[in-house]
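A.B. asks: Let me begin by handing over the structure; questions about it come next.
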Amino acid sequence: MNKISNIVMPLMAIALILNSCNKTAPVEAPVEAPAEVSVPVTVTSINTVAIENYVDLNATTTYLIKNTIKANTTGYLEIVNAASNDFVRKNQLLFSLKTREAKVLGNTINKMDPNLHFGGALNLRATCDGFVTAVNVQKGDYVQEGDALAVINDAASFSIVLSLPYELKKYVKPNELLDVSLPDGTTIKTKVEKYMPTVDPASQTQNVILKTLQNSNIPESLIVKVRINKTAADKMISLPKGAVLSDETQTDFWIMKVIGKNMAVKIPIKKGIESFDKVEILSPKLKPDDKILLTGNYGAGDTIKIKITNK
């Protein structure tokens, strides 16, 4: 009996192995590749209208020339015909000065010989039109030769001094007309007269003298705003700001340009000036019929499949 079982058991094992080999292994269904997703985008085209670009800078009103009226001899002031804030005309009498000798001996000598006219006062007159900013004496004062009696701001020297960053110098030319806005909301026209010959070492700004073209009775030391126009020439190429992308460091810039009907590729660009909503494209030269992604372009790869939602 044991002999029979020893023969039967191996036979049964062989039969089971053969039976399993005869069964067909299940065939796995092929996995389909996911369809490439189309990104919904909107597109725009180039604009050739000049970008309006400007910068407003602070400037200060001032009188470049301040004339000091000085005593031309030692003596007593007989007449003081000036007060602070007065507007005086050129050659207007301001002071009359009589020497000590004339004051003491004048009447005596004139009685002896009236033809000598000894003891006459010396008149000091305004040297220009302008506002008197300081009067340092009063009638009857005894002054020394060379003492400052008054200071007059020369009206003809009234100017607006603009501290211009040197990198903006190319936008401000001599004799150019510039708009100046006053704190009360009015705007006046000025002309660029000249550049001062030095640059401030700390701020790297250069003073520019602007002359007003109208009498506006503007006070000294008023802070005003000067508009510097940086508008580019016509026939420039620009795109909306949303169409221009950049890296985190703002050193590399690019756009996504439509190729064919449903593809967009990354195109590196060099940009020029920009305004609130536009960016000038210096290179490459884009054509009027080029389509550039306006939305749906953020975070896109070098090449993407797109679906344009606007026409």
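The values are calculated or read from the model by the stated rules, or taken from the named source; none is laboratory data. No experiment lies behind these values; they were computed from the predicted model shown. All Cβ positions, even for glycine, are placed from backbone atoms using ideal geometry, and neighbour counts span all protein chains on display. In case anyone asks, the SASA skips ligands and DNA or RNA and just uses the protein heavy atoms, side chains included. Shrake-Rupley method; radii C 1.70, N 1.55, O 1.52, S 1.80 Å.
A.B. asks: Distance between Cα centroids, the range 215-291 to the range 51-71: provide it in whole Å.
C.D. replies: What the calculation gives is 33 Å, centre to centre.
A.B. asks: Mark the label point 7 Å from the Cα of residue 220 along Cα→Cβ and return the residues of the range 162-182 whose backbone N is within less than 20 Å of it.
C.D. replies: 162-163
A.B. asks: Continuing with the same structure: Take the cross-link list 261/307; 189/235; 90/211; 170/191; 173/278 and give me the ones stretching past 18 Å between alpha-carbons.
C.D. replies: Exceeds cut-off: 189/235; 90/211; 173/278.
A.B. asks: If you put +1 on each Lys and Arg Cβ and -1 on each Asp and Glu Cβ, how big is the dipole of the range 213-257 around its Cα centre, in Debye rounded to 20?
C.D. replies: Once rounded to the nearest 20, the dipole reads 240 debye.
A.B. asks: What distance in nm separates the two pseudo spin-label positions at residue 133 and residue 38, each 7 Å out from Cα along the beta-carbon direction?
C.D. replies: 7.3
A.B. asks: Tell me, in nm to one decimal, what length is gained between residue 310 and residue 231 on full extension, where the rule is 0.36 nm per residue of separation less the Cα-Cα distance?
C.D. replies: 25.4 nm
A.B. asks: Continuing with this model, one more query. For residue 133, what is the net charge nearby, where nearby means another residue's Cβ is under 12 Å from its Cβ and Lys, Arg count +1, Asp, Glu -1?
C.D. replies: Result for the neighbourhood of residue 133: -2.
A.B. asks: On to the next question. Using +1 at the Cβ of each Lys and Arg and -1 at the Cβ of each Asp and Glu in the range 164-268, identify which of 264, 245, 218 lies farthest towards the dipole's positive end.
C.D. replies: Of the candidates, 264 comes out farthest on the positive side.
A.B. asks: Which lysines, on any chain, are close to residue 98 with Cα under 21 Å apart, when same-chain ones fewer than 8 places away are left out?
C.D. replies: Output for residue 98: 70, 111, 139.
A.B. asks: In square angstrom, what is the accessible area per residue of the range 181-242 with a 1.4 angstrom probe?
C.D. replies: Result: 61 Å² of accessible area for each residue.
A.B. asks: Right, something else. Please work out the Kirkwood hydrodynamic radius for the range 148-267, using every pair of different C-alpha atoms, and report it in angstroms with one decimal place.
C.D. replies: Taking every pair of different Cα atoms in the range 148-267, averaging 1/r and inverting gives 18.5 Å.
A.B. asks: Here is a follow-up. For the pair residue 303 and residue 250, how long in nm is the line joining their label points, each one 7 Å along Cα→Cβ?
C.D. replies: Output for this residue pair reads 3.3 nm.
A.B. asks: Something else now. At a 1.4 Å probe, what is the % contribution of carbon and sulfur to the accessible area of the range 121-242?
C.D. replies: 49
A.B. asks: Quick one: Debye curve from the C-alpha atoms of the range 231-311, no solvent, what's log10 I(q)/I(0) at q = 0.15, 0.16, 0.18, 0.23 Å⁻¹?
C.D. replies: So the normalised log intensities work out to -0.52, -0.60, -0.75, -1.19.
A.B. asks: Starting from the 7 Å offset along Cα-to-Cβ, what nm value, one decimal, do you get for the label separation of residue 125 and residue 170?
C.D. replies: 5.3
A.B. asks: May I pose another question? Is there a quick way to get the dipole size of the range 131-179? I mean about its Cα centre, with the Cβ of Lys and Arg at +1 and of Asp and Glu at -1; what is the value in debye to the nearest 20?
C.D. replies: 240
A.B. asks: At 1.4 Å probe size, with the rest of the protein present, what percent of the exposed accessible area of the range 254-311 is carbon and sulfur atoms?
C.D. replies: 57
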